[in-house]
Amino acid sequence: MEIDFAKIEKKWQGKWEKEKVFQVKDSGAEKYYVLEMFPYPSGSGLHMGHAWNYTIGDILSRFKIMQGFNVLHPMGYDALGLPAENAAIEKGEHPEDYTKKSVANFTKQFKSLGISYDWSRMVNSSDPSYYKWDQWIFLKMLEKGLAYQKESEVNWCDKCNTVLANEQVHDGKCWRHDKTDVETRKLKQWFFKTTEYADELYEGLDKMDWPERTKAMQKNWIGKSHGTEIDFEVEGKKWSIFTTRPDTIFGVTFMVVSAQHAGLDELVTDEQRKDVDKFLKKLKSVSEKDSDKLDKEGVFSGSYAINPANGEKIPVWIGNFVVADYGAGMVMAVPAHDQRDFDFAKKYGIEVRQVIAPYFCDKECPPREGKRHAPRTVVQAIVKHPKENKIIQIQWKKFDWNTFVIGGAEEGETLEEAVKREVYEETGYKNIKSIKKIGFEMRSEWYALHKDENRYAYMNAFFVELSDLKKDEIADEEKEKHVVAWVDFDKVRDIYGPVSELNYICDALSSGESAYTNEGKLVNSDEFNEMNNVDAKDKITKWLAKKKAAKKVVNFKLRDWGVSRQRYWGTPIPVIHCEKCGAVPVPEKDLPVKLPKDVKFGKGNPLETNEKWLNVKCPKCAGKGKRESDTMDTFVNSSWYFLRYCDPNNSKKIFDAKKVKYWCPVDTYIGGAEHACMHLIYSRFYVKFLRDLGLVDFDEPAVKLFHQGMLHGEDGEKMSKSKGNGVLPEEVSGKYGIDTARFFLSGIASPDKDIDWSNKGINGSLRFVNKVVDLCSGVKIGKDSDEVLSKLNETVKNVSSQIDTFDYRTATIRLKELFDLLAKQKEISKVTLESALKMLAPFCPHVAEELWEKVGNKDFISKSNWPKFDESKVAKKGQGGDLNEKIIEDVNRILEKVADAKKVYVYVMPFELAKVDVKKVGKVVGKVVEVFAVNDSGKHDPEGKAKRAKPGKASVYVE
RNA sequence: GAGGGAAUGCCGGAGCGGUCAAACGGGCCAGGUUUAGGACCUGGUAGCUUAUGCUUACGGGGGUUCGAAUCCUCCUUCCCUCACCA
């Protein structure tokens with residue numbers, strides 16, 4: 001039988017619409033809310049990639065309907081935005097008309113895809129009846145102090161001709177124009193206080209069933225960090241400096257203030273003014289080109305700060321690597337223990353003061369209790385051969401270890417002198433070319449077996465170059481102790497005996513000079529010396545707090561959301577500026593503030609070209625007023641649209657709280673990962689705000705989030721008009737049928753992966769669909785074989801859970817297997833055929849409806865009940881079936897392998913399975929066997945041997 | 001630099017402690033059908049070899065276990081996100 005895809009698609013789409021198959025009521029059975037991110041209706045229409053995105057949700061939605069849920073599956077348009085306005089500028093078409101046309105076109109295309117949307121609930125954000133509520137929320141935010149205006153440096157994209165939020169700046173470029181540098185401008189802007197919810201936005205993530213990477217991205221973006229605020233006095237003014245490393249306070253040798261800091265001027269002294277101006281000028285000219293590759297640069301401001309820990313006076317520098325609006329915009333620099341500070345200090349010759357010593361405790365000979373020993377200073381020297389690439393290894397005769405040249409420093413001796421002396425004493429070499437310190441002083445602790453005492457060493461490593469091999473005979477006493485050997489420099493890491501600091505020394509030697517950022521013991525830190533630096537963080541904070549110079553704080557990277565845009569096609573901000581009263585909110589009864597149609601596009605903000613709209617009376621004093629001409633960021637519109645779907649036509653309220661309570665939160669939300677830090681954070685913020693207004697009773701917009709992958713063209717490239725690799729749903733539909741394409745795409749890979757379209761590949765799916773059609777027209781209805789029954793039940797079981805977890809790929813495979821088997825049968829029952837068709841329905845809805853009807857049904861398969869499965873009908877393939885039997889089988893097989901065991905413990909889970917017949921098990925092998933039952937918490941497992949016990953499986957422990 | 005994810009035949013990808021490595025698709029090879037092509041059907045696609053057989057194989061090294069593609073650990077490589085956040 002041939003199938004006319006175009007014909008049946010039209011037929012069933014018509015029927016679904018006419019019979020309102022997918023329209024839902026706001027009550028009834030258990031609800032399920034499937035949502036795909038609503039699209040921006042562009043003029044170019046939908047391509048196959050879009051179609052696939054929405055199909056992913058459609059499959060889930062249809063499945064949930066058949067499972068008996070009351071499914072809300074709506075669609076709408078995020079219709080405000082720049083492209084419409086740009087089209088207006090380029091083609092002279094009004095954004096409103098452009099949008100209307102695009103929406104109509106999209107809707108037509110959507111409908112021809114046969115997706116299970118309830119079109120009666122469509123929302124369109126460009127409709128005043130929608131954006132009225134954007135304005136209403138704005139007023140509420142204003143009321144609660146969450147919307148505010150401030151003059152600030154903003155991100156400006158020249159191509160968009162408007163301001164961007166921080167989230168919309170990627171890599172210093174505009175998120176829409178990845179070749180356009182974002183500039184900073186000073187403007188008076190409206191902000192939403194997202195920071196008010198920073199902590200909740202951060203902490204809430206842990207509890208959410210969202211993809212790890214999305215949660216990680218959001219965490220990263222919000223950037224919560226615990227630290228200490230330490231007060232430094234700078235020229236008589238208090239600066240609260242944020243740091244996560246209070247333990248390094250004694251190592252602060254300078255301060256760095258951001259070159260962009262607002263209070264910079266006050267810090268610059270007259271003598272330094274010239275240098276500073278020069279520096280700032282240079283920064284400006286560089287940042288345009290390659291701001292990412294900037295070196296750390298700076299200039300001395302002339303001011304000094306007082307370190308509250310020790311009263312020291314330290315210089316304040318101006319640097320290009322400090323972020324102005326994070327923390328205080330000034331940092332305390334500890335060059336010894338922060339790489340950036342280190343680089344900066346080296347460049348400008350500032351002191352590097354060590355306050356943390358790398359600490360090593362010999363694992364093989366750890367210090368013993370009660371055997372204290374006073375610390376002593378020890379030097380180690382890597383001595384290099386004057387000509388060859390070799391170094392000296394001291395091989396100790398009495399103890400089985402090798403070292404570099406090593407020894408204690410004597411009273412009154414400098415470290416260099418000690419090195420010289422030790423080299424001479426141990427090796428006899430007397431002409432040294434250079435001595436170079438390696439890394440920082442260390443702390444090393446071990447138990448010296450031969451002396452029965454603990455050693456605590458202040459260890460210093462040196463790199464020593466000999467100028468020649470002239471040497472004196474060494475003392476007999478030394479000769480007895482060790483042998484001097486030359487070994488390859490490359491093997492430096494292998495030639496050393498059991499001394500734990502080796503790796504640090506070698507790393508420091510090979511990487512050259514750098515800051516030490518790991519853990520260690522405090523040094524040069526007064527009363528905190530020899531304390532572990534991690535413990536010291538808290539101790540020092542408390543100590544400073546007592547002096548009223550510090551407090552523990554939590555800091556966030558997240559900034560407030562700038563929502564003002566200098567463009568036309570957005571939601572007008574409902575504010576009127578009055579000379580007397582300032583910014584006055586438009587009274588609620590006057591909402592919506594509609595966009596005037598009569599404006600001029602081209603230069604500047606179009607809203608300012610309509611004088612009649614612009615000039616109004618102040619609602620407060622009735623004096624002269626001017627409307628706010630900025631509009632809101634379009635992410636405002638998409639932050640709450642999913643709530644409006646629950647009650648889309650309400651003209652009195654934003655929505656009926658009862659309806660939202662029934663439907664929300666969204667159960668499964670599907671959309672691109674690119675929104676992880678924009679739309680998804682904003683809508684979480686909105687939900688929290690609306691919750692605190694008492695309008696909703698949940699904390700997060702969506703229970704589950706799924707990021708679909710992108711559908712690429714056959715060449716593996718992103719589908720685009722310019723590349724000519726786009727695939728249009730209309731064409732596919734005509735050639736293969738939209739259902740065939742759905743089935744094909746479902747079967748390529750997991751829907752969260754990027755996949756490539758393939759004209760060859762779709763043939764395989766066409767073959768399958770034809771096979772199913774042939775089966776339905778040719779098969780003899782009769783009885784099922786056991787094999788068929790088993791396969792059917794197994795398939796129902798698998799496919800049900802696979803659709804739930806978006807494992808569409810495996811589900812299509814199971815369906816192929818099932819239909820393959822059915823096609824081979826002489827006869828099958830009608831129930832079996834129908835069940836198989838039902839499972840096919842979410843993937844191939846039109847074909848399934850058509851065949852459902854062919855088989856003799858009058859109703860819709862889309863509304864039929866999802867088949868149930870019977871575990872007992874699934875054949876035992878050498879396993880399965882009775883768990884008890886299976887476990888006995890398992891155990892016996894294992895026991896045969898471990899024939900020489902004395903005693904065998906068998907663990908089973910869950911608890912109920914303890915009824916495994918012990919005798920039966922033991923008899924087979926003739927061994928002592930004990931069976932334990934284990935529950936989930938590991939109880940009934942006194943010896944902790946059953947860690948590996950898994951439900952339905954036996955775990956064996958052999959003695 | 002920080003965080004997240006991944007590595008399995010020619011390719012896309014299943015498998016998530018024992019039954020079982022390579023399901024399922026694509027590609028390729030051979031045979032059948034066919035005037036030919038397409039479509040369709042059958043078999044093959046690590047090696048020995050042609051059998052209801054053995055060997056080698058799940059990025060690499062260690063480990064846990066009676067047993068590891070699967071769990072732990074280190075390393076290598078790749079992808080994504082944020083990156084001077086103190």
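In the list A:Tyr148, A:Tyr131, A:Tyr117, which residue meets the criterion of being hydroxyl-bearing (Ser, Thr, Tyr), over 27 Å from A:Gly57 (Cα atoms) and touching a residue at least 12 places away in the same chain (Cβ under 8 Å)? Spell out the reasoning first.
Numbers: A:Tyr131 fails: over 27 Å from A:Gly57 (Cα atoms); A:Tyr117 fails: over 27 Å from A:Gly57 (Cα atoms).
So the residue among A:Tyr148, A:Tyr131, A:Tyr117 that is hydroxyl-bearing (Ser, Thr, Tyr), over 27 Å from A:Gly57 (Cα atoms) and touching a residue at least 12 places away in the same chain (Cβ under 8 Å) is A:Tyr148.
If I go through region A:425-439 residue by residue, how many of them are surrounded by fewer than 20 Cβ atoms within 10 Å (Cβ to Cβ) and not in a strand (DSSP E or B)?
4
Kindly establish whether A:Phe556 is touching a Lys or Arg at 6+ places or on another chain (Cβ under 6 Å), in contact (Cβ under 8 Å) with a residue 24 or more places away in the chain and either within 16 Å of RNA strand B (Cβ to nearest atom) or open to solvent by 50 Å² or more (accessible area, probe 1.4 Å) (or both).
Numbers: touching a Lys or Arg at 6+ places or on another chain (Cβ under 6 Å): yes; in contact (Cβ under 8 Å) with a residue 24 or more places away in the chain: yes; either within 16 Å of RNA strand B (Cβ to nearest atom) or open to solvent by 50 Å² or more (accessible area, probe 1.4 Å) (or both): yes.
Against the criterion (touching a Lys or Arg at 6+ places or on another chain (Cβ under 6 Å), in contact (Cβ under 8 Å) with a residue 24 or more places away in the chain and either within 16 Å of RNA strand B (Cβ to nearest atom) or open to solvent by 50 Å² or more (accessible area, probe 1.4 Å) (or both)), A:Phe556 qualifies.
Restricted to region A:797-835, and to residues that are in a helix (DSSP H, G or I), farther than 21 Å from A:Ile748 by Cβ and within 16 Å of RNA strand B (Cβ to nearest atom), which residue is nearest to the chain's Cα centre (by Cα)?
By that ranking, first place goes to A:Ser800.
Among A:Val34, A:Val24, which is at pLDDT 95 or above, among the β-branched types (Val, Ile, Thr) and not in a loop (DSSP other than H, G, I, E, B)?
Details: A:Val24 fails: not in a loop (DSSP other than H, G, I, E, B).
The conditions single out A:Val34.
Can you say whether A:Ser651 is farther than 29 Å from A:Arg176 by Cα and either of a type outside the set (Val, Ile, Thr) or at pLDDT below 95 (or both), as far as the supplied structure shows?
Details: farther than 29 Å from A:Arg176 by Cα: yes; either of a type outside the set (Val, Ile, Thr) or at pLDDT below 95 (or both): yes.
Yes: the conditions hold for A:Ser651.
Just one of the numbered conditions (1) exposed (fewer than 15 other Cβ atoms within 10 Å of the Cβ); (2) under 20 Å from the mean Cα position of the chain (by Cα); (3) under 19 Å from A:Pro83 (Cα atoms); (4) not β-branched (Val, Ile, Thr) is not true of A:His170; which one?
With respect to (1) exposed (fewer than 15 other Cβ atoms within 10 Å of the Cβ); (2) under 20 Å from the mean Cα position of the chain (by Cα); (3) under 19 Å from A:Pro83 (Cα atoms); (4) not β-branched (Val, Ile, Thr), A:His170 is out only on (3).
Considering only region A:598-690, give the helices (runs of 4 or more DSSP H) lying wholly within it that have at least 1 residues that are β-branched (Val, Ile, Thr). Show your work before the answer.
Numbers: elements: A:611-614, A:641-644, A:657-663.
Output list reads A:657-663.
Okay, residues lined up against (1) at pLDDT 95 or above; (2) at positive phi; (3) surrounded by 17 or more Cβ atoms within 10 Å (Cβ to Cβ); (4) within 12 Å of RNA strand B (Cβ to nearest atom):
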residue: A:Asp178; (1), (2), (3), (4): no, no, no, yes
residue: A:Leu201; (1), (2), (3), (4): yes, no, yes, no
residue: A:Asn220; (1), (2), (3), (4): no, no, no, yes
residue: A:Gly223; (1), (2), (3), (4): no, yes, no, yes
residue: A:Ile241; (1), (2), (3), (4): yes, no, yes, yes
residue: A:Asp265; (1), (2), (3), (4): no, no, no, no
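Among A:Phe321, A:Phe344, which is assigned to a loop (DSSP other than H, G, I, E, B) and crowded, with 17+ Cβ neighbours inside 10 Å?
Details: A:Phe344 fails: assigned to a loop (DSSP other than H, G, I, E, B).
The conditions single out A:Phe321.
Looking only at strands (runs of 3 or more DSSP E) that lie completely in region A:373-424, which have at least 1 residues being open to solvent by 20 Å² or more (accessible area, probe 1.4 Å) and in contact (Cβ under 8 Å) with a residue 60 or more places away in the chain? Walk me through how you get there before you give the answer.
On the way: elements: A:376-384, A:390-396, A:405-408.
Strands (runs of 3 or more DSSP E) meeting the threshold: A:376-384, A:390-396.
Identify, by number, the condition in (1) within 7 Å of RNA strand B (Cβ to nearest atom); (2) exposed (fewer than 15 other Cβ atoms within 10 Å of the Cβ); (3) not in a loop (DSSP other than H, G, I, E, B) that A:Ser777 doesn't meet.
(1) is the only condition that A:Ser777 fails.
Restricting the search to region A:735-764, which residues are open to solvent by less than 10 Å² (accessible area, probe 1.4 Å), assigned to a loop (DSSP other than H, G, I, E, B) and either within 6 Å of RNA strand B (Cβ to nearest atom) or farther than 13 Å from A:Gly49 by Cα (or both)? First the steps, then the outcome.
Here is the first cut: in region A:735-764, the ones open to solvent by less than 10 Å² (accessible area, probe 1.4 Å) are A:737-743, A:745-746, A:751, A:755, A:757, A:762.
Going one step further and asking which of them are assigned to a loop (DSSP other than H, G, I, E, B), we end up with A:737, A:751, A:757.
Answer for region A:735-764, where residues must be open to solvent by less than 10 Å² (accessible area, probe 1.4 Å), assigned to a loop (DSSP other than H, G, I, E, B) and either within 6 Å of RNA strand B (Cβ to nearest atom) or farther than 13 Å from A:Gly49 by Cα (or both): just A:Gly737.
List, please: which pairs have Cβ atoms under 7 Å, are six or more places apart or on different chains, and start with a residue in region A:522-541 that is touching a residue at least 12 places away in the same chain (Cβ under 8 Å) and more than 12 Å from A:Gln354 (Cα to Cα) and end with one that is assigned to a helix (DSSP H, G or I) and open to solvent by 60 Å² or more (accessible area, probe 1.4 Å)?
A:Phe528/A:Lys539
Here is a check on your reading of the model: is A:Glu465 part of a helix (DSSP H, G or I) and either in contact with a Ser or Thr (Cβ under 7 Å, 6 or more places away or on another chain) or farther than 27 Å from A:Glu417 by Cβ (or both)? Talk me through it step by step, then tell me what you get.
Numbers: part of a helix (DSSP H, G or I): no; either in contact with a Ser or Thr (Cβ under 7 Å, 6 or more places away or on another chain) or farther than 27 Å from A:Glu417 by Cβ (or both): yes.
Spelling it out, it is not the case that A:Glu465 is part of a helix (DSSP H, G or I) and either in contact with a Ser or Thr (Cβ under 7 Å, 6 or more places away or on another chain) or farther than 27 Å from A:Glu417 by Cβ (or both).
Of the residues A:Glu501, A:Glu530, which single one is modelled with pLDDT under 85 and more than 16 Å from RNA strand B (Cβ to nearest atom)? Write out each step before concluding.
Values: A:Glu530 fails: modelled with pLDDT under 85.
Exactly one of A:Glu501, A:Glu530 is modelled with pLDDT under 85 and more than 16 Å from RNA strand B (Cβ to nearest atom), namely A:Glu501.
Applying the selection to region A:203-213, what residues are within 8 Å of RNA strand B (Cβ to nearest atom) and either outside any loop (DSSP other than H, G, I, E, B) or among the aliphatic types (A, V, I, L, M) (or both)?
As a first pass, look at region A:203-213 and keep what is within 8 Å of RNA strand B (Cβ to nearest atom): A:211-213.
Selection gives A:Glu212, A:Arg213.
To keep it simple, each residue is scored yes or no on (1) closer than 22 Å to A:Val534 by Cβ; (2) among the hydrophobic types (A, V, I, L, M, F, W, C).
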{"site": "A:Glu212", "(1), (2)": "no, no"}
{"site": "A:Lys215", "(1), (2)": "no, no"}
{"site": "A:Lys224", "(1), (2)": "yes, no"}
{"site": "A:Gly236", "(1), (2)": "no, no"}
{"site": "A:Phe242", "(1), (2)": "yes, yes"}
{"site": "A:Asp247", "(1), (2)": "yes, no"}
{"site": "A:Ser258", "(1), (2)": "no, no"}
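State all residues of region A:225-239 that are open to solvent by 10 Å² or more (accessible area, probe 1.4 Å) and more than 8 Å from RNA strand B (Cβ to nearest atom); if no residue qualifies, say none.
A:His226, A:Glu229, A:Asp231, A:Glu233, A:Glu235, A:Gly236, A:Lys237, A:Lys238, A:Trp239
What's the total number of residues in region A:158-167 that are crowded, with 21+ Cβ neighbours inside 10 Å and over 24 Å from the mean Cα position of the chain (by Cα)?
Selection size over region A:158-167: 3.
Tell me which residues, restricted to region A:705-733, are open to solvent by 60 Å² or more (accessible area, probe 1.4 Å) and either of a type in the set (Gly, Ala, Ser) or at pLDDT 85 or above (or both). Outline the logic, then answer.
At the first step, the residues of region A:705-733 found to be open to solvent by 60 Å² or more (accessible area, probe 1.4 Å) are A:710, A:714-715, A:717-718, A:721-724, A:728, A:730-731.
Scanning region A:705-733 gives A:Met710, A:Ser722, A:Gly724, A:Leu728, A:Glu730, A:Glu731.
Restricting to region A:1-26, what's the tally of residues that are open to solvent by less than 60 Å² (accessible area, probe 1.4 Å) and in contact with a His (Cβ under 9 Å, 6 or more places away or on another chain)?
Number satisfying all stated conditions: 7.
Test A:Asn460 against the stated conditions and say whether it is open to solvent by less than 20 Å² (accessible area, probe 1.4 Å) and either assigned to a loop (DSSP other than H, G, I, E, B) or at pLDDT 90 or above (or both).
The answer is yes for A:Asn460.
Give the number of residues within region A:252-266 that are more than 20 Å from A:Lys296 (Cα to Cα) and part of a helix (DSSP H, G or I).
2
Considering only region A:716-734, I want to know if a residue exists there that is within 14 Å of RNA strand B (Cβ to nearest atom), in contact with a strand residue (DSSP E or B) (Cβ under 8 Å, 6 or more places away or on another chain) and free of Cβ contacts under 8 Å to residues at least 40 places away in the same chain. Break it down into steps so the answer makes sense when it comes.
Pass one, region A:716-734, residues within 14 Å of RNA strand B (Cβ to nearest atom): A:716-718.
Okay, now just the ones that are also in contact with a strand residue (DSSP E or B) (Cβ under 8 Å, 6 or more places away or on another chain), so A:716, A:718.
Imposing the further condition that a residue be free of Cβ contacts under 8 Å to residues at least 40 places away in the same chain reduces the set to A:718.
Within region A:716-734 (the criterion being within 14 Å of RNA strand B (Cβ to nearest atom), in contact with a strand residue (DSSP E or B) (Cβ under 8 Å, 6 or more places away or on another chain) and free of Cβ contacts under 8 Å to residues at least 40 places away in the same chain), the answer is yes, since at least one residue qualifies.
The values are calculated or read from the model by the stated rules, or taken from the named source; none is laboratory data. None of these values were measured; they are calculated from a predicted model. A quick note on method: Cβ atoms are made from the backbone with ideal geometry, for glycine too, and the neighbour counts reach across all protein chains shown. These area figures cover heavy atoms from the full protein model, side chains too; ligands, DNA and RNA do not enter into them. Shrake-Rupley method; radii C 1.70, N 1.55, O 1.52, S 1.80 Å.
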